[in-house]
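Student: Could you have a look at this structure, given as structure tokens, before my questions?
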Amino acid sequence: MILVIFLTVFSFTSAIILKDNGYEDVNIVIQDSVEQNWTLIERIKNVFTNASQHLFEATENRVYYRKINIIVPKTWTVTSETSFKVPSLTLTGYVTVEDGNLQSPYVKQQECGKEGQYMYLTPSFLLTTGPTKWGNHESVIVHEWGHLRWGLYDEYGLQSKFYQHAGTWEPVRCTEKVKGLIGVGERCDGWSSKQLCDIHNTRQNMNEDCRFCPSTSQSANTSIMSYQFVPSLTLFCDKDDPATPEWKRHNRLAPNMQNEMCGGKSAWEVMREHEDFANGSSPVLHVNTNTTPEFYIIQESGARRVFVLDISGSMSGVGILSMDLFRKSRIESLHDTGVYIVQEVLRNGSWLGIVWFNSTAMQANEIVIITDDSVRMELIHNLPSKEGGGTCIGCGINLAIEMLEAKFKSAKGCEIILMSDGEDGYENEFLNASQRARSVGVVIHAVSISQAADPRMISLASDTGGKHFNYLEDQSGISFAAVFSEAVSGGITETGNQAVTILSDSARISSDRLHFAFKIETGLGKRTSVSVLTPLNTTLNMTIIGTDSFYEYSAVGKYLTWTIKHLGAGEYNVTVISSYNHTWDYIVKSFPSERHPILVTSRLSTTKFDFSLESVDLPVLYVDVTKGKAPVVGAIIEARVEESSILCTLSPKNNGQDPDSLEGDGTYSVYLLPKCLTNGRLNIRVTVNGQANDTSVIKSINGASAIDAGEEESEIISDSFQRFSLPEPIYVERFSTNTSDIVAPGRITDVKILGIETLMTLNGESRNFTIAWTATGNDMNIGQASSYEIRYADDIDSIFHNFSSAYFLDIGNVSLTPKQSGMLEAIVISVNAEKTYTDTAYLGIVAVDEAGNQGKVSNIVSVVVAKGFRMSFEGETNNTEFEDEIITSPATTVTTETVTATTVATETVTATTVATDTVTATTVTTDAVAQDVSSEQPYVDDSHTGLIVGVSVGVLAVMVVVVGLILFIVLRKRSKQFTYNASLMGHSTQHERAFVNFVAENT
């Protein structure tokens, strides 16, 4: 019999805690997309019991799972001696079990060293007995736990499979101790492997079909963050330092995500900075410590909430810029919006009580379960409509906690929806209530009504695991109803069965007529509600016209909600006519008719930002667009930053360019630039549009690596769709418009070697490397930087940690002017040497603006060189057969233009820009150019060079002729190879080339 635990006995929190080396409240959430299956519960217990011991050993006997909660959906039938259940709430850092489009286990990550959003597992993965294609279950869980808990990243190759080092092509892996095959095919044993994948031939690029296949039978034991399907890889790697055993040392040379996102730090370096291990936390335990977790099977129930509403005298205020002919006071707005929330948003089966507060607090409505319209009408009757008195926020919170404890014996997991427009005037009461809320485990969601609201409400929400929102009367597009709806959270087990917001807006026009349109895609429209809110009691007439449908409805009141049981895919036009001129708020919501709808969630990197000279890392907005949990790419995102004095529009991108960390993962990112900031509270609203056949669902995500990692085709979304999302707002302090330019260019993240050409000269070997990247901007990724600083060194630490000390690649009098953000840059660097190429040089780039601000160092590329090498800048180029490798994502520009490039490629590549920009590569194959690019000289070693030199010295006349011919051929080939195409590069004449040599005295 499955027992649902009493809340008075079962201590439940929304976040994982570490207590005496054991993790408690590890929440495993089974979504309602999963059919009821108690065998799955037993498999979860078995898998995580083994994973607990595996985690203990991987962390060198430091941490394990002590208490795990398995949360089942409301739809499951649970045998229980009591109906008492855990209320709906928002969790952080949890494990979700879903029957979705994706099969690979993975974690939705945020930043290096920070907790991820969730770990995704499928029932099929958990129900499999024996090893899976991703490895043993416990190895996969520990690998993903590294992502989820400590913010570690994968150590296997992602965008780059090989890199040059010490005279060879090295496969991307954590340590060279991991053995395996290099070749083609799933097992690296294709018939052409030896011919195509010669790791010793660094004179040309490694074939793109080559890969590294680690052996599943070997003795190497680090690192589990790389190929976790190899049974022996059970530990985390540590610092690359002589004090670390060689077998455990992290490979910071490899171009993998761990090095890219964590600045070359090893897993243990990041982990030791985490609170789980910092300052002596989690000391080593005895090897025989019992690591078997306790499991609690609980069921999510309806939410338990108390509305704590401000009725102080300041609630009589209105926005000074309001255009309403009949302006409502704040208390009226609160009341009318509360009516909409109680009537249309709160679900049957949820609990609600109401508290009013001013100088004191009073219970306006006891906590009741919502079962029918009569209960809703009672709650509506007790919403506030009059104001007066002071502001005692703490009084309201304390009374709400007392009501929850009296009704449910405990306030743990229950929610308080706090709304206030002013500063609290009762300091002791506020501090007492804040401490009490944290200690009893209640979750507080706070809504600030006006800029004057107490800023401590922001931290009060975050400290209790809740969210904070603003309603600012003078903003142009965010209605009180949209804000209130966001504060009323949904259930954690029904993320795929909740209404999605298609459209939400405010029409700040004085008219008796409103027009708007919305789109419904296939899989949505099971139950669609169209709501219009007005400031006056009036007669409202609504018509909705679709391709094959017509609806008409009327009502009298301050709002009208029309719910249609089913709408087919298509666009619908809405017209609303009222009896008076006024402003309008409107919201369109719809429930999915399939298990995996398109979902949009948005969040900021920080909700508090101190804009000072010491703090210039700008906030970042992240927008996740998924179908279920599968990424949706190709969507058009618009984010509007709104406050009475500013209106700023931004376009988040999922192109892998700073601040976006990974192309194609469904997370669209953008910086909030200073032009979008001001002091105080700022709201951000996000709209998402997908055009039919222009968006697709990615079914093969960068999750745990598999032994046989087959690529799944993406799914084209054939319908247009739209969504609305409201992230938590940001509170800005110490912002000044008089501040000089302190925003640096963005970081370049995609430097790569596209082409290697090797030539033999009388003085030895010469190699040309085509280096390409995407241009960043003047202020982060907006605009155009002023210059580039390119440096190289024979040790990677100089580039990582002391960039200014590395060798400067001086390009002489040649102007390498950065292009507009998002455009393609390509240059040729020549490396000349007299000896064999067996050493390595590392190269990085920073962009610089006109004020001298330098961006962060780019990702680092390595090239094989020889001792005493000479590196020189050869010039810019677009003349490369690898141009299709450069264009891997939509280019980001700020203007509308069409650019044509002439290349020797045999295909046409199109890149889409922010607006409708197009970059087209036109294929040209002339004999002269083709011969120049594709020619490759046979390898000649030092003995051959000596022979050539000896013969030349002996026969002076012959030497003069030979040298003359060679110089003529080389100069002719250089001239053809670097001829500028004016339409792409922005110049009308052939680019002047510089030959400025710098000798690195390697020892």
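Student: Hey, could you get me the Stokes-Einstein D for the range 687-807, Kirkwood radius over alpha-carbon pairs, 25 °C and 0.890 mPa s, rounded to whole µm² s⁻¹? Before the final figure, lay out the partial values.
Tutor: On the way: Rh = 20.8 Å.
Rounded to a whole number, D works out at 118 µm²/s.
Student: Lys407: which aspartates and glutamates have alpha carbons under 12 Å from its alpha carbon, excluding same-chain residues fewer than 8 sequence positions away?
Tutor: The reachable aspartates and glutamates, counting only those whose Cα sits under 12 Å from Lys407, are Glu366.
Student: Quick one, what does Rg over Rh come out to for the range 453-555 if you take C-alpha atoms and the Kirkwood Rh?
Tutor: Values: Rg = 17.3 Å, Rh = 17.0 Å.
Dividing the radius of gyration by the Kirkwood radius yields 1.02.
Student: Given the C-alpha centroids of the range 364-442 and the range 93-144, what is the distance between them in whole angstrom?
Tutor: 38 Å
Student: Next question. Give me the base-10 log of I(q)/I(0) for the range 621-773 at each q in 0.13, 0.16 Å⁻¹, Debye formula, one uniform scatterer per Cα, rounded to two decimals.
Tutor: One equal scatterer on each Cα of the range 621-773 leads to -0.79, -1.00.
Student: Which value, to two decimals, describes the C-alpha radius of gyration of the range 412-504 once divided by 2.2 N^0.38 Å?
Tutor: Values: Rg = 14.5 Å, N = 93, 2.2 N^0.38 = 12.3 Å.
The value comes to 1.17.
Student: What is the percent carbon and sulfur in the accessible area of the range 228-369, measuring with a 1.4 Å probe over the protein chains and ignoring ligands?
Tutor: Ligands and nucleic acids excluded, carbon and sulfur give 51 percent.
Student: Where the centroid of each part is defined by its Cα atoms, how far is the range 775-831 from the range 564-584 in Å?
Tutor: 53 Å
Student: OK, next. Could you bin all the Cα-Cα distances of the range 324-465 into 10 Å bins starting at 0 and give me the percent of pairs in each, rounded to whole numbers?
Tutor: 11, 41, 37, 10, 1
Student: A further question on this structure: Reachable lysines from Lys45, Cα under 16 Å, same-chain residues fewer than 8 places away excluded?
Tutor: Reachable lysines: Lys67.
Student: Here's another thing I want to ask about it. Please give me, ordered by residue number, the trypsin sites (Lys or Arg not before Pro) of the range 692-775 that lie in loop per DSSP and have at most 16 other Cβ atoms within 10 Å.
Tutor: Arg734
Student: Restricting the calculation to Cα positions, tell me the Rg (one decimal) and the Dmax (whole number) of the range 482-539 in Å.
Tutor: Spelled out, the Cα radius of gyration and Dmax of the range 482-539 are 14.5, 43 Å.
Student: Based on alpha-carbon atoms only, what is the radius of gyration of the range 510-585 relative to the globular estimate 2.2 N^0.38 Å?
Tutor: Against the compact-globule rule of thumb, the ratio is 1.11.
Student: Another question, then. Taking a cut-off of 21 Å between Cα atoms, list the lysines near Lys867, but don't count ones fewer than 8 places away on the same chain.
Tutor: The reachable lysines, counting only those whose Cα sits under 21 Å from Lys867, are Lys835.
Student: Considering the alpha-carbon set of the range 160-276 alone, what are its Rg and its Dmax in angstrom?
Tutor: Radius of gyration, then largest Cα-Cα span, for the range 160-276: 15.0, 50 Å.
Student: Full extension from Glu294 to Glu494: what is 0.36 nm times the residue separation minus their Cα-Cα distance, to one decimal in nm?
Tutor: Gain in length upon complete extension: 69.5 nm.
Student: Let me ask you something else. Ratio to report: Rg/Rh of the range 719-788, with Cα atoms as the point set and Rh obtained by the Kirkwood method; give two decimals.
Tutor: 1.27
Student: Mind jotting down the three principal axis lengths of the range 213-303 based on Cα atoms? Whole angstrom, largest first.
Tutor: Principal axes ranked by extent give 51, 36, 35 Å for the Cα atoms.
Student: Given the pairs Lys239/Lys699; Lys114/Lys467; Lys133/Lys177, which span a C-alpha to C-alpha distance of over 26 angstrom in this model?
Tutor: Violating the 26 Å Cα-Cα cut-off are Lys239/Lys699.
Student: How much accessible area per residue does the range 424-521 have, in Å², with a 1.4 Å probe? All intermediate terms of the calculation are to be shown ahead of the outcome.
Tutor: Values: 3080 Å² over 98 residues.
Result: 31 Å² per residue.
The values are calculated or read from the model by the stated rules, or taken from the named source; none is laboratory data. Keep in mind that what you see is a predicted model, and the values were worked out from it rather than measured. All Cβ positions, glycine included, derive from the backbone under ideal geometry; neighbour counts span all protein chains shown. These accessible areas exclude ligands, DNA and RNA; they are computed on the full protein's heavy atoms, side chains included. Shrake-Rupley method; radii C 1.70, N 1.55, O 1.52, S 1.80 Å.
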